[in-house]
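Just so you know, all these numbers are worked out from the coordinates, no wet-lab data involved. Predicted model only: the values in this text are computed from it and were never measured. Reconstructed Cβ throughout: ideal geometry from the backbone, glycine too, with neighbour counts over all protein chains shown.
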Amino acid sequence: MKISFKDYFLFVVLLLISQINFAQLTGKIIDANDATPLEYATVALYKKSPKKLITGVITDSNGVFSFDKLKKGNYSIEVSFIGYQPKKVQNIVFSGTKKDLGILKLSLGNSLNEVVIKSERAAVVSRIDKQVFDATKFQNSQGGTGTDVIKNLPSVSINGTGDIAVRGTTGFVILLNGKPVQGNPATILNQLPANAIDKVEVITAPSAKYDPEGKAGILNIFTKKGALNGTFAQINTRIGVPSIEDYNNSESAKRYGIDATYNYRKDKWNFSLGASYQRNDKSGRREGDVFTIQNDIKTSFPSDGERSFDEENFSGNITLDYTPNENNEFSLGFFAGKRSKDRRADIVYFDNNAVQPANSNNRLYTFQYFNENLRIRKSDFALGSFDYAHKFADESKLSASFLYEYTLLGGPTTNRNLGFPNTSEIIQDEFNTNDNPLFGTLFV
């Protein structure tokens with residue numbers, strides 16, 4: 001029998017194809033619980049002796065894997081998949097033809113009761129129209145007031161007398177939780193506990209939804225609210241060390257404070273209660289040498305004495321939120337505070353106070369006296385608000401807000417000129433008072 005070259009060539013090709021088709025190790029990986037095929041499971045092939053990694057494959061969408069063109073020998077495989085316990089198959093004898101390991105089942109690994117993801121909110125978030133500052137990042141302000149928080153903002157400055165400026169001017173507006181307040185900004189910030197503030201928005205380019213009064217911008221202060229079911233309570237205290245220099249003031253400066261916060265949240269209800277007391281005195285002294293010239297007569301006023309500040313703040317707040325369902329939300333809040341800031345200026349005008357001709361050292365006469373001056377500035381205020389919001393099915397929103405505000409600014413000033421050193425002699429006695437009440441309502 002004569003075999004042609006063509007028949008021989010076809011025989012060799014068929015033999016090679018059969019070798020390719022049958023020199024194969026296969027199997028299928030499934031979930032042991034529900035028999036679901038596991039796609040992208042990893043199968044590693046090892047030579048048995050000596051143990052050596054040969055290759056690795058991943059399973060297809062049906063959980064099937066295969067090793068092609070495998071030589072004869074003894075092998076083992078290791079199967080792994082994220083979240084599952086690894087599985088090993090030992091002593092696989094491969095004869096060079098197709099071998100199916102069948103179905104291999106993987107069981108889930110140790111399951112976790114919970115996964116805790118921790119992250120930190122950025123201290124500063126910049127947007128087109130505003131900057132948002134996380135108040136909880138300012139550790140140096142904890143235990144203090146809202147004024148201590150905004151001192152950390154780059155666009156805000158506070159001078160020695162407590163006047164606040166935003167971008168160099170005092171023409172700015174304060175919002176509390178997005179609602180405008182008409183009272184003095186320093187009054188509100190000095191009575192708002194720092195630990196009750198969640199974040200501060202510095203709005204430098206207000207949009208049309210804001211009133212246009214704030215030429216320098218808007219400070220929008222957001223207070224904390226409970227986010228999870230449960231009860232939360234916190235107490236913070238602060239105490240200052242004695243003054244290094246008391247400047248011979250009549251009373252030593254007192255610096256201490258305490259604030260407490262209580263929050264209860266359960267499903268549809270969220271209740272918060274807070275209170276704060278702060279005492280922040282400042283010691284000081286004034287030295288001066290002033291003169292006036294009128295009708296060629298020069299009058300000199302060299303002086304020295306106490307100039308100190310006693311500051312005391314009380315405040316409290318209560319909020320109640322009710323969310324009956326995902327489409328409706330009710331909120332009721334009340335915030336009140338009392339503040340007093342006493343400035344004492346007890347100055348001695350010495351006996352070298354002189355009245356003399358402007359162009360001569362010939363004194364007409366000299367005199368000395370003691371000026372006792374006490375200016376008391378009170379700033380009491382109360383804010384009450386009620387808010388309602390409804391979300392429609394198309395994600396549009398209807399909201400209504402009512403705000404009532406009461407503020408009382410002012411206080412008396414006493415000014416007495418007394419003899420010195422005999423201060424029982426009263427030369428002049430004045431008493432002035434200036435109270436400015438404000439009553440305001442807002443409905444939007």
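Looking only at GluC sites (Glu not before Pro) in DSSP loops with at most 15 other Cβ atoms within 10 Å, what is the longest site-free stretch of the chain?
Numbers: sites that count: Glu39, Glu114, Glu120, Glu213, Glu245, Glu251, Glu326, Glu395, Glu425.
Counting at most 15 other Cβ atoms within 10 Å as exposed, the longest clean stretch of the chain is 121-212.
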Where q = 0.09, 0.13, 0.14 Å⁻¹, what log10 of I(q)/I(0) comes from the Debye formula for segment 225-444, counting one point per Cα? -0.62, -0.93, -1.01
Longest principal axis of the chain (C-alpha) makes with the long axis of helix 5-22 (C-alpha) an angle, in degrees to the nearest 10, of 50 degrees
Candidates Gln85, Gln139, Gln191, ranked by Gaussian network fluctuation over the chain, Cα under 10 Å, top entry: Gln85
Say we join alpha carbon atoms closer than 10 Å with springs in a Gaussian network model of the chain; which of Val348, Val156, Val64 then has the biggest fluctuation? Val64
If one builds a Gaussian network model of the chain from Cα atoms under 10 Å apart, the most fluctuating residue listed among Pro193, Pro302, Pro180 is Pro302
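Going by how many other Cβ atoms sit within 10 Å of their own, how do Leu408, Leu374, Leu192, Leu106 line up, fewest first? Provide the component values of the computation, followed by the final result.
Numbers: Leu408 18, Leu374 15, Leu192 25, Leu106 21.
Ascending Cβ contact count within 10 Å gives the list Leu374, Leu408, Leu106, Leu192.
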Distance-filtered residues of segment 400-426 - backbone nitrogen under 11 Å, label point 7 angstrom along Ser340 Cα→Cβ: 412
Cross-link reach list, lysines versus Lys47, counting only Cα pairs under 28 Å and skipping chain neighbours closer than eight places: Lys28, Lys69, Lys71, Lys72, Lys87, Lys88, Lys98, Lys99, Lys105
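Below 8 Å, C-alpha to C-alpha, sequence gap of six or more: please give me the relative contact order for segment 38-116 in percent. Mind dumping the intermediate values first?
On the way: 126 pairs, mean separation 20.3, N = 79.
It comes to 26 percent, rounded to a whole number.
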Surrounding net charge for Phe67, when Lys and Arg each add one and Asp and Glu each subtract one, Cβ distance under 14 Å: +3
Shape call, the chain: gyration tensor on alpha carbons, a/c limit 1.5: prolate
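Antiparallel versus total DSSP beta bridges in the chain: what percent is that, nearest 5?
Numbers: 174 of 185 bridges.
So the antiparallel bridges in the chain amount to around 95 percent.
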